[in-house]
Amino acid sequence: MNQRFTDLIFAAIKQRLSDLHITGGFPLIFRRDGTIHFDKNIKWSHTEIDAMVKEMLSDRQLQTLRKRWSVDFALSFNHVRVRINAFYTTRGLSLAIRLLPEMIPDLTALNLHPSLSQILELQSGLILVCGSTGSGKSTTIAAIIEEINRTRPAHIITIEDPIEYRFKPKKSFIEQREVGFHVPSFDQGLLDVLREDPDVIFVGELREPDTIRLTLNAAESGHLVFATLHATDAENAINRINNCTTDENQDIIRYQFASTLSWLIVQQLSFIKRIGFRVPILSVLRSTPSVQSSIRENKLTQLETIMLTSRNEGMFTMKLYEKEFINNRSSFVHPYKSFGMGADSSKEQDHVSSLIDPNAVQDVIYMSSIDDAYKTDGASKLTGDDDEQRYVILEDHDMDLKDLLAQYDESKEEQIEKKRTKK
């Protein structure tokens with residue numbers, strides 16, 4: 001590891017910085033308490049940045065950078081973990097660096113509402129945590145998953161890009177897959193995961209329509225699924241889910257989402273002057289019959305009213321959350337207390353299997369679903385009881401993910417029409 005870079009990271013932790021930006025021939029940029037600052041005393045040359053990035057990256061990551069002109073990765077050293085995006089600009093390569101504690105903070109250390117601990121009791125459903133970049137979505141989910149890890153036996157599988165927090169198995173057995181290293185894409189990871197006997201699934205980010213739809217399928221199959229999404233409020237988040245497919249299939253998505261959603265949390269970090277640092281401000285939407293009905297009927301403007309009138313059911317708008325929880329709380333934990341406390345962090349080393357070609361491109365995919373398998377050319381159908389999990393295994397290379405999802409949508413449309421007919 002480049003010594004100058006290491007020293008910079010340690011200095012940034014001591015000065016309570018959240019982000020660093022390094023670009024050739026320009027002063028160091030850093031973010032403290034949400035505000036950008038310049039340090040004119042620190043500069044990196046273009047050649048220094050190129051050499052440093054080359055040292056940091058694996059062969060596969062370097063290949064990605066050369067082809068895509070950007071790459072995401074994460075590094076751990078001395079109880080500190082950093083998430084880095086290297087990307088090509090007018091100044092050559094630039095680095096955007098997020099500082100993460102290697103020890104996963106708990107819900108109390110994150111200054112989150114104690115009601116979030118109720119999520120730990122769930123065995124199934126979708127927990128969607130939304131917000132802008134840098135709002136702490138992944139950290140909130142990591143804290144909840146770590147508490148599950150600490151308190152109950154479960155098989156937890158994460159699909160991330162990149163892996164931000166490294167979990168050390170305690171009562172739970174945890175397996176982490178990084179997109180580009182252990183799985184070629186989020187979609188392939190979600191196609192894999194139902195054949196891997198999970199109890200809890202974490203999808204690092206819902207970006208593409210197919211990823212959203214496969215995540216809903218996983219939640220519908222009876223697992224507890226966590227996912228993050230870039231959205232500014234509950235209505236915006238649900239619109240993004242609904243719009244992941246064409247008009248004729250939106251009824252299917254709405255029904256799926258309404259039936260699987262358990263919690264929808266929108267998070268932002270807000271600087272609180274009286275305590276001198278940022279804390280999470282949340283809006284919380286929980287699944288109730290009125291919420292499910294609003295989602296199914298696409299009456300999303302009703303959601304804020306439901307949150308305002310459902311405080312006794314654990315719902316909050318951001319204004320209500322700040323008024324009733326943040327303003328009435330007398331003490332807070334400084335977020336930087338989590339840094340430098342890596343005694344309990346995972347020391348397990350990554351292992352590269354000799355059977356895996358890290359540069360291979362996968363050309364065969366399979367799909368797993370709880371719905372009746374589709375009788376199609378190139379796909380095999382497994383029969384069983386209605387409650388059993390069934391799989392469609394794609395062996396025909398000419399049949400792709402979109403074909404399978406189209407079949408799935410047709411099946412769901414038939415199910416919805418049957419329900420309407422019965423009513």
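The values are calculated or read from the model by the stated rules, or taken from the named source; none is laboratory data. Because the structure is a prediction, the values reported are computed rather than measured. Because the Cβ atoms are built from the backbone with ideal geometry, glycine has one as well, and the counts that use them run over all protein chains shown.
Scan Ala51, Ala109, Ala86 and give me the residue that is small (Gly, Ala, Ser) and under 23 Å from Lys14 (Cβ atoms). Result: Ala109 is the single residue among Ala51, Ala109, Ala86 that is small (Gly, Ala, Ser) and under 23 Å from Lys14 (Cβ atoms). With respect to Leu224, determine if the residue is under 14 Å from the mean Cα position of the chain (by Cα) and not assigned by TED's automatic domain parsing to the domain that holds Arg83. Here the answer is yes, as Leu224 does meet what is asked.
Any residue in region 171-188 that is within 19 Å of His155 (Cβ to Cβ) sitting within a Cβ distance under 6 Å of a residue that is part of a loop (DSSP other than H, G, I, E, B) and modelled with pLDDT of 95 or more? List the pairs, counting only those 6 or more apart or interchain. Going by the 6 Å Cβ cut-off, the qualifying pairs are Lys171/Arg152; Lys171/Pro153; Ser172/Ala154. Would region 61-82 turn up any residue that is of a type in the set (A, V, I, L, M), assigned to a helix (DSSP H, G or I) and over 24 Å from Pro280 (Cα atoms)? Checked against the condition, which is being of a type in the set (A, V, I, L, M), assigned to a helix (DSSP H, G or I) and over 24 Å from Pro280 (Cα atoms), region 61-82 yields at least one hit. All of Leu116, Leu93 fail the test of being closer than 30 Å to Glu313 by Cα, surrounded by 19 or more Cβ atoms within 10 Å (Cβ to Cβ) and either in contact with a helix residue (DSSP H, G or I) (Cβ under 7 Å, 6 or more places away or on another chain) or at pLDDT 95 or above (or both), apart from Leu116. Of Asp59, Asp19, all but one fail to be acidic (Asp, Glu) and either within 21 Å of Gly134 (Cβ to Cβ) or touching a Ser or Thr at 6+ places or on another chain (Cβ under 6 Å) (or both); the exception is Asp19. The set of residues in region 177-197 that are of a type in the set (Asp, Glu), under 21 Å from Val352 (Cβ atoms) and under 16 Å from the mean Cα position of the chain (by Cα) contains only Glu178. All of Ile119, Ile148, Ile127 fail the test of being in the same structural domain as Arg240 (by TED's automatic domain parsing), within 13 Å of the chain's Cα centre (by Cα) and closer than 29 Å to Leu191 by Cβ, apart from Ile127. Among the criteria (1) surrounded by 14 or more Cβ atoms within 10 Å (Cβ to Cβ); (2) closer than 29 Å to Ile281 by Cα, the one Thr23 does not fulfil is (2). Asp19 meets all of the listed conditions (1) in contact (Cβ under 8 Å) with a residue 60 or more places away in the chain; (2) over 18 Å from Leu99 (Cα atoms); (3) acidic (Asp, Glu) but one, namely (2).
Among the residues of region 257-268, is there at least one that is hydroxyl-bearing (Ser, Thr, Tyr), surrounded by fewer than 21 Cβ atoms within 10 Å (Cβ to Cβ) and free of Cβ contacts under 8 Å to residues at least 40 places away in the same chain? Yes, that holds for at least one residue.
Take the conditions (1) in a strand (DSSP E or B); (2) at pLDDT 90 or above; (3) buried (at least 19 other Cβ atoms within 10 Å of the Cβ); Ile49 misses just one of them, which is (1). Taking the condition buried (at least 20 other Cβ atoms within 10 Å of the Cβ), of a type in the set (Lys, Arg), more than 13 Å from Thr158 (Cα to Cα) and under 17 Å from the mean Cα position of the chain (by Cα), does Arg213 pass? So Arg213 passes the test. In summary, Trp69 fulfils each of the numbered conditions (1) touching a Phe, Trp or Tyr at 6+ places or on another chain (Cβ under 6 Å); (2) in contact (Cβ under 8 Å) with a residue 40 or more places away in the chain; (3) of a type in the set (A, V, I, L, M, F, W, C); (4) outside the structural domain of Pro280 (by TED's automatic domain parsing) with the single exception of condition (2).
The set of residues in region 120-135 that are assigned to a loop (DSSP other than H, G, I, E, B), surrounded by fewer than 22 Cβ atoms within 10 Å (Cβ to Cβ) and touching a Leu at 6+ places or on another chain (Cβ under 7 Å) comprises Leu122, Gln123, Ser124. The set of residues in region 201-217 being of a type in the set (D, E, K, R) and assigned to a loop (DSSP other than H, G, I, E, B) consists of Glu205, Arg207, Glu208.
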